[in-house]
């Protein structure tokens, strides 16, 4: 129900339907105690587009520029409404056509939330597209084993507050994937991903030392 409410809210202002690049809710109904959403028809998700048109090499730069602008417009609309998508990735972005992709739409607001209601959760953003400030670690009580989930809590690794910038990070990772055809920060465990993030933050400033970017 929350996803339906967010989609309705994002399309309330007249004139935003065509240019906010967020999937449009056409209708909703209940069937056997399940809420069903009818969305505007699109072709495939961006993950499949990369797989079919740019696996390991990326898409053509003109297409990336168009998609980047559209994603930034979608982010602008989210910020205007104080909504965090909290799970932006190629799987949750759909394009109009695989043969002639001209525009995309951001979809799947199942984990979205208002910024004022943001909470720490291990399910916040898929790990490859998760901003450093929302990476979480497990906190166990002294008497608890790693297999006991009853008293497990999750803490932010950096302990920083977060806002709509987490969606910007996810979009950045997605655009990098469009350029290369590969996931920017792959890894099965948090430690491996954090290591890649740290390596990426080390830049050569030309003075013979490594500076944090």
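A compact table of results
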| item | result |
| --- | --- |
| Per-residue Cβ neighbour rank within 10 angstrom, fewest leading, 66, 38 | 38, 66 |
| Relative exposure of 179, 36, judged by other C-beta atoms within 10 Å (fewest first) | 36, 179 |
| For 31, 169, order by how many other beta-carbon atoms lie within 10 Å, fewest first | 31, 169 |
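Just so you know, all these numbers are worked out from the coordinates, no wet-lab data involved. These figures come from a predicted structure and were not determined experimentally. Glycine gets a Cβ as well: all are built from the backbone with ideal geometry, and neighbour counts include every protein chain shown.
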